[in-house]
Amino acid sequence: MKYNSLGESDLRVSEICLGTMTFGRQNTIEEAHQQLDYAIAQGVNFIDTAEMYPVPAQAETYGFTESYVGEWLRHQQRDRFIIATKIAGPGRGMKWIRDGAKAINRANIRQAVDASLSRLQTDYIDLYQIHWSDRYVPLFGQTQFDPAKDRETETIAEQLIGFAEMIQAGKIRYLGLSNETPWGITKFCQVAEQLGLPKIVSVQNAYNLLNRVFDWTWAEACYREKVSLLAYSPLAFGCLTGKYLHHPPEQARLLQFPGFGQRYLKPNVPDAVAAYVEIAKQHGMTPAQMAIAFVRSRWFVSSAIVGATSIDQLKENFSNLEVRLSEEVLAEIESVHLRYPNPAP
């Protein structure tokens, strides 16, 4: 396992991070702990969760994921692991979270951090992330900014002051963003520098063979500001395994939860997936191995976040660690990308 620096922090994270959003809905606590045990046996030191997990989110399972991780973590040597979680933002329903009060302000930050610490059964969180912006931005497959949807928002300074208080209290170590835009990345960094407040070290956005918009201005923003990408959905909700091309299993997420992951139900996705699957087969790889290896190969990625609903899926996800993509394979990938550029942004 390779370990990479996370932004300008002193954290060194495994190049594969275990994502946990299935824990508590698609995975039992026993299955969750089996996945955690397997991941750390492969060298993983980085575990990502969120207060709103598992997903799809519902009141009945709210907080289960952090609780499952916490039950495991309390039996571990805490300083061996980098634990990341997230505060839910406003504008997406989920009134069961803090009774609907989800503005990223000082009071809600304090309440959310304390609740996550309790569920995780730990004294501190290594990386605390804003799950999505307090302000309006297009999210989760939306591709156009609509000024008519703009809303009142907490200032970035107010948000950073709230996180600074948590850092000073020793409850969190570093701050990150998620599902953020280039403007947001640079603005958070600018305000932090101007006011002497904590600077973000990472951004967690979707990145995979079907969604490479990060290659554009996001990559420049992260390069200029020394911010790392934590790439989620490297398999595009399992699409890049090829399992949806013919006879997908009944328990597949996009079938089990209709309407979930709509960004991957768009024209050109099946054709692009079929082309990538063919490249992998021609070069003796599974499609999953090639897809994750591609994400790991990108200079701006500090860690690729993988998740699974079975231990066999997780084992295949980790099998990519021995894969290094040749120039020939990368050229073939670029050829497909030119034919089907970002069919699932």
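Scanning the chain for trypsin sites (Lys or Arg not before Pro) in DSSP loops with at most 16 neighbouring Cβ atoms within 10 Å leaves 152-225 as the longest stretch between them. Cβ crowding within 10 Å ranks M21, M52, M94 as M94, M21, M52, fewest other Cβ atoms first.
If you take the alpha carbon atoms of the stretch 118-159 and fit the smallest convex hull around them, that volume is 130 Å³ per residue. The Cα atoms of the chain cover 54, 45, 37 Å along the three principal axes, with the biggest extent listed first. The charge dipole of the chain, taken about the Cα centre with unit charges on the Cβ atoms of Lys, Arg (+1) and Asp, Glu (-1), comes to about 320 debye, rounded to the nearest 20. Simple point charges give the picture: +1 on the Cβ of Lys and Arg, -1 on the Cβ of Asp and Glu, and for the stretch 246-341 a dipole about the Cα centre of about 320 debye. Determine the distance separating the Cα centre of the stretch 126-171 from the Cα centre of the stretch 194-218; give it in Å without decimals. Cα centroid of the stretch 126-171 versus Cα centroid of the stretch 194-218: 13 Å apart. Each Cα pair under 8 Å and six or more residues apart adds its sequence gap; the mean of these over the residue count of the chain is a relative contact order of 18 percent. Per-residue ellipticity at 222 nm, computed for the chain from helices alone with -39500 (n - 2.57) per DSSP H run of at least four residues, works out to -11000 deg cm²/dmol. Pairs of Lys residues in the chain are counted when their Cα atoms are under 20 angstrom apart and they lie 8 or more places apart or on different chains; the count is 18.
Taking chymotrypsin sites (Phe, Trp or Tyr not before Pro) as exposed when their DSSP state is a loop state and no more than 13 other Cβ atoms lie within 10 Å, the longest site-free interval of the chain runs over 1-139.
No value in this document is a laboratory result; all are computed from the given coordinates. Please read these numbers as outputs of a predicted model, since none were measured by experiment. Using ideal geometry, Cβ is built from the backbone for each residue, glycine included, and neighbour counts are taken over all protein chains shown.
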